[in-house]
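Worksheet: one structure, shown below.
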Amino acid sequence: MPKKNFIWGSATASYQIEGAVNEDGRSPSIWDAYCSIPGRTAAGENGDIACDSYHRYEEDIKLLKELGVDSYRFSIAWPRILPNGSGEVNQAGIDYYNKLIDTLLANGITPFVTLYHWDLPLELQLCANGWLDRSIVDTFVNYAKVCFDAFGDRVRHWITFNEAWCISVLGYGTGSHAPGHRSRREAYLVGHHLLLAHAKTVKLFRDNNCEGIIGITNNTEWKEPMTGKPEDIEAADRAVTFDFGWFTDPVVYGDYPQVMKDMLGDLLPEFSADEKALLKGSADFIGLNHYSTKCVSATPVEGHLPLCGNIFDDARVYSWCDPKWEKTQMNWNLLPWGLRKLLNWIAKRYNNIPIYITENGCACSGIEDDDQRCRYVTEYINAALEARDTDNVNLAGYFYWSLLDNLEWAYGYSKTFGLVGCSPDDLTRRPKKSFYVYKDIISKNR
Ligand code: PNW
């Protein structure tokens, strides 16, 4: 059954597509710096050019129009708006996003804006210790205010953070993302500051009577219990809670999940009573980024994946993947039923809160032939629509990640998620087969 207000879209992020890193007053971000350290990204690749969307955004919008989406999810580069993190506003940065937003609207496409998709102004890392220092909370709120003031007359859909889990765990726990720290304690402190920054930003949004809705995008795999044993069922629930509940319980209920408090002890900072009140109910919707599924068990099973010896082990579960499962280019399992189960888990735990799938997609290598991606989008969207229509999950939209092949962070340009081919050597946009498959899904489901 087609649903009237359901939003079909596609997503990108500033550093992954814009390029033009030294233009019009943009300052370096932590990702520019991270990419410049030998060995941190594949082949030392960086976002200097990326998809050159800073100059070619009109081509991107033409593609979105052709695809037939209702909405485009993109992120704002903080270093373009406030090159020092705070202080003087860079008008050229505001101008760029004004042009992008106005051209989208002129084409009937709704902007869905992420305030932070990982490109922290480097200045804040070097001079204020980045997300580790509590001062970042107000620094972020100030940045958000500049964006609400500049774009809030036209933007009605806001996301504070993309994947606080990745920012904390990959940026500060394992070091595979910028700024490359390796400390469990730091990861939980960073997560704490992200949540407080989210809550204070939403308070500002609501106090100022900004129009529209604001939420946060969190990510998780689905974890399927290895057996029907109660301890494995509990282990799977615990694993999703550690990834997703960590950042969703606080914005819905005002505090961290009890199981995390019990298991992490003083590694997990505490919220004051005022902070809990501020956090509770601070998301109009939850954005979900979901790509894949694994099995988990409470005790080791034969062939389980090795423990990592870092923050990844904190939920104390063992993961297992069936060698027979189909893998994508990221070595992620293609298991669409996991999405349906996850949507039901979220709906149940959070009292049927509105959910947007803000990312879901498949890395596969072909440009001419991307049959695997065609299957992935078809099957994952079917699973999502079953959750919506059969299970009555309050699913409000779906955004395919990504519109374009782009800088896949530490993997450089070697992993390709795009519906449209694009490489920094040849910036020509080439729609793939999956582009037309997704286009067809959208038109049939209106
Ligand atoms: C997301 N993990 O990153 C990001 O939001 C995108 O910018 C990125 O391009 C996309 O997914 C594909 O990777 C993730 O380790 C990175 O589970 C890592 C994980 C999940 C999401």
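Tally up the carbon and sulfur contribution to the accessible surface of the chain as a whole percent, 1.4 Å probe, everything protein left in place. C and S atoms contribute 50 percent here.
Note that region 14-24 has calculated 3J(HN,Hα) couplings of 3, 5, 6, 10, 6, x, 6, 5, 9, 9, 6 Hz, one per residue in order, obtained from phi through the Karplus relation 6.51 cos²θ - 1.76 cosθ + 1.60 (θ = phi - 60°); glycine and proline are x. By the helix-only formula, in which each DSSP H run with n ≥ 4 contributes -39500 (n - 2.57) and the sum is divided by residues, the chain has a 222 nm mean residue ellipticity of -11500 deg cm²/dmol. For the residues TRP78, TRP222, a 1.4 Å probe over the protein chains yields an accessible-area ranking, largest first, of TRP222, TRP78.
Take 296-303, 168-175 and order them by the average number of nearby Cβ atoms within 10 Å per residue, most first; the result is 168-175, 296-303.
Report the net charge of residues surrounding PHE74, where surrounding means a beta-carbon distance below 12 angstrom and charges are Lys +1, Arg +1, Asp -1, Glu -1. Intermediate values should be presented prior to the final figure.
Values: positive: ARG73; negative: GLU18, ASP60.
Net local charge, PHE74 excluded: -1.
Each of the peptides 195-205, 346-356 was scored by the mean count of other Cβ atoms within 10 Å over its residues; in descending order, highest first, they stand as 195-205, 346-356. Computed from backbone phi with θ = phi - 60° and the Karplus coefficients 6.51, -1.76 and 1.60, the 3J(HN,Hα) list for region 29-43 is 10, 4, 6, 4, 5, 4, 4, 7, 7, x, x, 7, 10, 4, 6 Hz; x is used for glycine and proline. For LYS62, the lysines whose Cα comes closer than 27 Å to its Cα, not counting residues fewer than 8 places off in the same chain, are LYS3, LYS4, LYS99, LYS415, LYS432, LYS433, LYS439, LYS444.
Summarising the amide proton neighbourhood of ILE213: residues at separation of 5 or more, or on other chains, whose placed amide H is nearer than 5 Å comprise HIS157, TRP158. List the lysines whose Cα lies under 24 Å from the Cα of LYS203, skipping any in the same chain that are fewer than 8 positions away. Cα-Cα hits under 24 Å: LYS145, LYS276, LYS280.
Quick one: which of 403-410, 59-66 comes out on top by average Cβ neighbours within 10 Å, and what's the full order, highest first? Spell out each step's value before the answer.
Details: 403-410: 24.6, 59-66: 17.9.
Put in order of decreasing packing, that is 403-410, 59-66.
Please give the length that would be gained between ARG446 and LEU267 if that part of the chain were fully extended, namely 0.36 nm times their separation in residues minus their C-alpha to C-alpha distance (nm, one decimal).
Values: separation 179, 0.36 × 179 = 64.44 nm, distance 4.72 nm.
Extra length from ARG446 to LEU267 when fully extended: 59.7 nm.
With the charge dipole of region 189-244 set up from +1 on Lys and Arg Cβ and -1 on Asp and Glu Cβ about the Cα centre, the Cα lying farthest toward the positive end among the listed residues ASN208, ALA236, MET226 is that of ASN208.
The residues of the chain present an accessible area of 38 Å² per residue when probed at 1.4 Å with all protein chains retained.
Summing charges over all other residues whose Cβ lies under 10 Å from the Cβ of TYR15, with Lys and Arg as +1 and Asp and Glu as -1, gives -3.
The values are calculated or read from the model by the stated rules, or taken from the named source; none is laboratory data. From a predicted model like this one, the values you see are computed outputs, not experimental measurements. Glycine also receives a Cβ, built like all others from the backbone with ideal geometry; neighbour counts cover every protein chain displayed. Each accessible area value is taken on the protein alone, full model and side chains, heavy atoms only, with ligands, DNA and RNA left out. Shrake-Rupley method; radii C 1.70, N 1.55, O 1.52, S 1.80 Å.
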